[in-house]
Amino acid sequence: MLLEEEHKTIEIPIGQVVLRGNLFVPENANALVLFSHGSGSSRLSPRNNYVANVLQQEGLATLLFDLLTEEEDRLYKTRFNIDLLTQRLIAVTEWIKIQQQTKGLHLAYFGASTGAASALSAAAYFGDEIGAVVSRGGRPDLAMTELHMVTAPTLLIVGGWDKVVIILNQKAYSKLRCERKLEIIPGATHLFEESGKLEEVAALSAKWFTKHLKSKRPNNV
């Protein structure tokens with residue numbers, strides 16, 4: 001674990017591809033939140049970066065990375081391939097666990113849109129190794145067959161005007177067997193672009209992660 005704050009661009013070798021990421025590790029961080037973005041987005045997503053900045057101010061490390069290469073992201077079939085995105089997230093998680101800067105940190109996921117499905121599927125794969133999950137305007141229903149295996153406390157955040165996604169999140173919520181909560185933010189659409197709504201997302205996320213992660217002792221590695 002780093003003793004001093006570090007913020008840098010990294011390259012993550014996964015099989016035959018190299019994924020780019022932005023890693024931020026605050027001083028004395030004991031947990032790392034990996035971001036799994038939605039289709040058509042990237043590590044540069046302004047909404048995810050805003051949330052990440054709020055988490056960083058709470059002393060949490062963050063990793064925003066591209067789940068796909070630029071070539072892969074041009075293809076519709078790979079953008080919406082939840083199995084591929086999940087495999088990438090699992091591989092990046094395994095990689096980050098053994099890096100000098102981040103080994104020993106507790107792990108959590110923040111998933112947006114379709115990225116929430118890969119985050120929950122990966123959380124089901126890792127079990128108790130994942131300390132918490134937050135979904136922002138997510139599609140957890142795309143991971144329906146894995147939801148009952150998720151053990152990480154899971155927060156689903158949906159905009160109050162995002163009617164179809166509310167229904168899909170309610171269905172997913174009923175399948176989860178872990179500690180869970182569904183937060184519907186009034187007056188917000190799918191991207192939470194309305195004034196003050198993304199701030200609410202970030203505040204709820206920070207509260208959830210700090211509740212479930214910051215009280216834990218650092219892992220011994």
Are there any pairs, at least 6 apart or on different chains, whose C-beta atoms fall under 6 Å, with the first in region 13-38 and farther than 15 Å from GLU70 by Cβ and the second β-branched (Val, Ile, Thr), and if so, which?
ASN22/THR9; LEU23/ILE10; PHE24/THR62; LEU32/THR102; VAL33/THR62; GLY38/THR114
Looking at region 165-181, is at least one residue out of contact with any Lys or Arg (no Cβ under 9 Å at 6 or more places or on another chain), in contact (Cβ under 8 Å) with a residue 24 or more places away in the chain, assigned to a strand (DSSP E or B) and surrounded by fewer than 16 Cβ atoms within 10 Å (Cβ to Cβ)?
yes
Which members of region 95-145 meet the condition of being assigned to a loop (DSSP other than H, G, I, E, B), surrounded by fewer than 22 Cβ atoms within 10 Å (Cβ to Cβ) and hydrophobic (A, V, I, L, M, F, W, C)?
ILE98, MET144
Subset of region 146-158 [open to solvent by less than 10 Å² (accessible area, probe 1.4 Å), part of a loop (DSSP other than H, G, I, E, B) and touching a Lys or Arg at 6+ places or on another chain (Cβ under 9 Å)]:
VAL150
Before we move on, is ALA123 touching a strand residue (DSSP E or B) at 6+ places or on another chain (Cβ under 6 Å), among the hydrophobic types (A, V, I, L, M, F, W, C) and touching a residue at least 40 places away in the same chain (Cβ under 8 Å)?
no
For region 23-55, give me each residue that is surrounded by 18 or more Cβ atoms within 10 Å (Cβ to Cβ) and more than 22 Å from GLY138 (Cα to Cα).
LEU23, PHE24, VAL25, PRO26, ALA29, ASN30, ALA31
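The values are calculated or read from the model by the stated rules, or taken from the named source; none is laboratory data. This is a predicted model, so every value here is computed, not measured. Quick reminder, even Gly has a Cβ in these numbers, built from the backbone with ideal geometry, and neighbours come from all protein chains shown. All accessible areas refer to the heavy atoms of the entire protein, side chains included, with ligands and DNA or RNA removed. Shrake-Rupley method; radii C 1.70, N 1.55, O 1.52, S 1.80 Å.
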